[in-house]
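A quick write-up on the structure given underneath.
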Amino acid sequence: MPPRATTIVDPRFPAELRRHREERGLSLRQLAAAVNYGKSLIHQLEAGQTKPTVDVAVRLDDALQANGAIAALVIDAPNGGDRLAYVTVHPRRVDRAAADALIGLLAGYRRLEDAIGSGPIMGPVHAHLDTVTGLLRDAPHDLRPRVVGVAGQWAQFVGWLSIARGEERAATVWNARALQWATEAGNTDLIATVLSFQGHQAELRHDLPAMIELSRESRRDQSVNAALRAYCAGQEARGLAMAGAASADVLARLSEASDLSAQAAEEPLSPWGYWYTPSFFAVQQGSVWRYLGAEDSRANDRALELLTTGVAGVSEDAGGAEWHGRNLVHLAVTHAQAGDAAAARETLAAADAIALATDSRELARQVTEAAHHLRLSAMP
């Protein structure tokens with residue numbers, strides 16, 4: 001029988017529920033009717049007398065049109081959630097079960113971000129990272145390597161969320177902290193992941209030399225998971241293409257990325273690399289061909305083929321994710337380069353809708369930049 005999951009509720013849930021209800025101008029009775037629950041339950045939830053389930057939180061979030069802000073405050077923590085709740089109050093009692101529970105909790109937040117974006121979960125994730133940092137200070141000597149590895153994973157995720165929010169300074173700080181902790185833990189996969197995300201940061205600020213070198217460095221260790229190395233090779237290829245490097249150099253990195261992605265299919269993924277799927281790699285390689293396609297129609301045809309296939313392969317749950325919006329921007333540019341302005345405009349509008357729904361400043365910036373570059377001013 002699988003271990004029972006424990007529901008973790010952010011302490012801010014009661015106040016946030018009441019605030020959103022009052023902002024919507026709903027009474028307790030009206031909200032209860034909207035979610036088909038009793039008025040007394042809503043009162044108990046706002047008073048902190050009853051703990052909500054994930055399903056209840058999601059239904060309340062939908063009824064209040066909170067865009068994930070309420071749903072993000074309640075999450076199931078598998079495998080040892082009870083122990084996690086205990087050590088949060090008694091940090092000196094941290095043990096392996098608590099560390100494992102923190103990994104399970106983090107996995108839940110990663111999946112939740114795919115569904116509702118980075119904004120709603122930023123606060124809860126920061127709160128849990130504070131807990132992890134406290135546990136790290138109090139961890140027994142023999143358990144510190146395990147806890148520091150967990151801390152590195154949480155810091156890396158906050159770094160990623162900060163990138164998605166367009167918070168460059170915070171992303172730099174947390175990626176540096178994640179790299180420090182990953183190095184102390186000796187976790188080569190996590191080190192490679194952080195380096196690659198620092199390369200992604202460099203791409204966003206148009207520092208192509210740093211993007212290329214960090215992507216190259218992140219795959220230098222051959223013991224690193226093949227999927228991670230495939231991602232890093234693909235990112236380096238895109239950096240080379242953006243920088244106008246010789247096509248032979250770009251194609252060499254693309255070939256390496258393709259070979260590694262095929263190898264990755266035979267290896268288990270890292271806990272934070274579940275998104276490295278065939279669809280993901282099709283999109284990433286398509287984004288490289290997009291830049292080559294600016295001057296070569298055959299390259300653009302290849303980009304359109306890969307991006308269309310990759311975008312179509314995204315799961316329904318992740319269809320509103322910020323990273324999917326960035327993929328749509330690549331596809332829109334490729335449509336425009338093929339001369340199909342209508343398809344480009346429609347695709348960019350879909351990316352803009354995701355930026356609006358997730359309140360992503362970074363994605364909104366990319367949409368605006370692409371529309372300006374392509375002169376697609378008439379957004380639907």
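The values are calculated or read from the model by the stated rules, or taken from the named source; none is laboratory data. What you are looking at is a predicted structure, and each value in this text was computed from that prediction instead of being measured. Cβ coordinates were reconstructed from backbone atoms using ideal geometry, including for glycine residues, and neighbour counts include every protein chain displayed. Accessible surface is based on the protein model in full, side chains and every heavy atom, while ligands, DNA and RNA are left aside. Shrake-Rupley method; radii C 1.70, N 1.55, O 1.52, S 1.80 Å.
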**Complete:** Selection from the range 315-345 of residues surrounded by 16 or more Cβ atoms within 10 Å (Cβ to Cβ) and more than 21 Å from Arg165 (Cβ to Cβ) yields Leu331, Ala332, Val333, Thr334, His335, Ala336, Gln337, Ala338, Ala343, Ala344, Arg345
**Request:** State whether one or more residues within the range 321-332 are more than 25 Å from Leu112 (Cβ to Cβ) and β-branched (Val, Ile, Thr).
**Result:** no
**Item:** Odd one out for Val314, checked against (1) over 30 Å from Met122 (Cβ atoms); (2) among the aliphatic types (A, V, I, L, M); (3) under 19 Å from the mean Cα position of the chain (by Cα)
**Value:** (1)
**Message:** Scan the range 230-245 and tell me whether some residue there is in contact (Cβ under 8 Å) with a residue 40 or more places away in the chain, within 21 Å of the chain's Cα centre (by Cα) and farther than 13 Å from Gln285 by Cα.
**Reply:** no
**Asked** Quick one: would you say Ala349 is part of a helix (DSSP H, G or I), in contact with a His (Cβ under 6 Å, 6 or more places away or on another chain), free of Cβ contacts under 8 Å to residues at least 60 places away in the same chain and more than 25 Å from Tyr276 (Cα to Cα)?
**Response** no
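Rundown of residues vs (1) in contact (Cβ under 8 Å) with a residue 12 or more places away in the chain; (2) of a type in the set (D, E, K, R); (3) touching a Leu at 6+ places or on another chain (Cβ under 8 Å), yes/no style:
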position	(1), (2), (3)
His126	yes, no, no
Arg137	yes, yes, no
Asp142	no, yes, no
Pro145	yes, no, no
Gln153	yes, no, yes
Gly159	yes, no, no
Ala171	yes, no, no
Ala176	no, no, no
Glu203	yes, yes, no
**Residue that is least open to solvent (accessible area, probe 1.4 Å), among those in the range 232-280 that are part of a helix (DSSP H, G or I) and more than 20 Å from Glu213 (Cα to Cα)** = Ala264
**Prompt:** For Arg169, which of the numbered conditions (1) surrounded by fewer than 19 Cβ atoms within 10 Å (Cβ to Cβ); (2) in contact with a Pro (Cβ under 8 Å, 6 or more places away or on another chain) fails to hold?
**Reply:** (2)
**Asked** Restricted to the range 94-116, and to residues that are touching a Leu at 6+ places or on another chain (Cβ under 9 Å) and among the small types (Gly, Ala, Ser), which residue is farthest from Ala357 (Cα to Cα)?
**Response** Ala97
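Which residues, counting only those in the range 31-81, are acidic (Asp, Glu) and either at pLDDT 90 or above or surrounded by 15 or more Cβ atoms within 10 Å (Cβ to Cβ) (or both)?
Answer for the range 31-81, where residues must be acidic (Asp, Glu) and either at pLDDT 90 or above or surrounded by 15 or more Cβ atoms within 10 Å (Cβ to Cβ) (or both): Glu46, Asp61, Asp62, Asp76.
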**Request:** Check off (1) at pLDDT below 85; (2) open to solvent by 10 Å² or more (accessible area, probe 1.4 Å); (3) within 27 Å of Val147 (Cα to Cα) for Ala99 and give me the number that stays unchecked.
**Result:** (2)
**Message:** Ala371 - would you say it is in a helix (DSSP H, G or I) and touching a Pro at 6+ places or on another chain (Cβ under 7 Å)?
**Reply:** no
